[in-house]
Amino acid sequence: MITTLIADDHPMFRKGLRALLTTLPEVELVGEATDGNEAVRLARELRPRLILLDLHMPGGDGLTAIRRLTAEPDAPYILVVTMFEDDDSVFAALRAGARGYVLKDTDDEEMARAILAVGNGEAIFSAAVAGRIAAFFAGRPAEPFPGLTPSERNVLHLMSRGRSNDAIAAELHLSSKTVRNYVSNVFAKLHVRSRAEAIARARDEGL
């Protein structure tokens, strides 16, 4: 049996995964976690073979949880199940030790295939993610933070130049609310919690 732990902070998504797992006779659900720290604690207690884990959760993010989990003796296999398909998220998860990476809008058939594959020690990625990995290894030049939209990139560029949200709004002819939304998106996609961290990341990449 592929003993499995779900780690996701969205109850409805956990419910959907739970329902899918009941259709797979090879899989046994042994627990559910709502944040990264709880995922690590339950993994140590329940010793699942497979963890279906979101990258963005409160109380300990998914990337930190992956690093901690893969450092354990008899480490579980990690299948990332998330909404984010940007290069930063994908490669950070793989470097941390994830064996698979699929998006939350993946259909049930593909999700089941990914669960069984990673649960049996294989590596698997959704089509969109596989395309990004192929492009990376083909050596295609990439601009920093390819997961950002052009508008988000412009906002990050101006943030790195010390502009306030109001100044950015005036310069780009946007509302303050729109700029705040772009800043929130940048934080989520870059996996940072503050403006200072975002600016540091941007400057490191020469943006």
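The values are calculated or read from the model by the stated rules, or taken from the named source; none is laboratory data. Model, not experiment: these values are computed from the prediction. Using ideal geometry, Cβ is built from the backbone for each residue, glycine included, and neighbour counts are taken over all protein chains shown.
Inside the stretch 93-116, can you point out the residues that are crowded, with 18+ Cβ neighbours inside 10 Å and outside any strand (DSSP E or B)?
Pass one, the stretch 93-116, residues crowded, with 18+ Cβ neighbours inside 10 Å: 93-94, 96, 98-103, 111, 114-115.
Across the stretch 93-116, the qualifying residues are Ala93, Leu94, Ala96, Ala98, Arg99, Met111, Ala114, Ile115.
Looking at the stretch 137-151, which of its residues are closer than 21 Å to Met83 by Cβ, assigned to a helix (DSSP H, G or I) and either at pLDDT below 70 or small (Gly, Ala, Ser) (or both)?
Ser151, the sole residue that qualifies.
Tell me the residue from Glu197, Glu122 that is surrounded by fewer than 14 Cβ atoms within 10 Å (Cβ to Cβ) and in a loop (DSSP other than H, G, I, E, B), please.
Numbers: Glu197 fails: in a loop (DSSP other than H, G, I, E, B).
Just one listed residue meets the conditions, Glu122.
Kindly list the number of the only condition in (1) touching a residue at least 40 places away in the same chain (Cβ under 8 Å); (2) part of a helix (DSSP H, G or I) that fails for Ala19.
Against the list (1) touching a residue at least 40 places away in the same chain (Cβ under 8 Å); (2) part of a helix (DSSP H, G or I), Ala19 comes up short only on (1).
How about the stretch 68-118: which of its residues are at positive phi and among the acidic types (Asp, Glu)?
Going through the stretch 68-118, the residues at positive phi turn out to be 74, 97.
Across the stretch 68-118, the qualifying residue is only Asp74.
State all residues of the stretch 170-190 that are aliphatic (A, V, I, L, M), within 24 Å of the chain's Cα centre (by Cα) and either at pLDDT below 90 or within 12 Å of Arg153 (Cα to Cα) (or both); if no residue qualifies, say none. I'd like the intermediate steps shown before the answer.
So in the stretch 170-190, the residues aliphatic (A, V, I, L, M) come out as 170, 172, 174, 179, 183, 186, 188, 190.
From what is left, the residues that are within 24 Å of the chain's Cα centre (by Cα) are 179, 183, 186, 188, 190.
Residues satisfying the conditions are Val179, Val183, Val186, Leu190.
For the stretch 38-49, does any single residue satisfy the condition of being touching a Phe, Trp or Tyr at 6+ places or on another chain (Cβ under 7 Å) and within 21 Å of Ala96 (Cβ to Cβ)?
Looking only at the stretch 38-49, we keep the residues that are touching a Phe, Trp or Tyr at 6+ places or on another chain (Cβ under 7 Å), and these are 49.
Subsequent filtering for residues that are within 21 Å of Ala96 (Cβ to Cβ) retains 49.
Yes: the stretch 38-49 contains one or more residues that are touching a Phe, Trp or Tyr at 6+ places or on another chain (Cβ under 7 Å) and within 21 Å of Ala96 (Cβ to Cβ).
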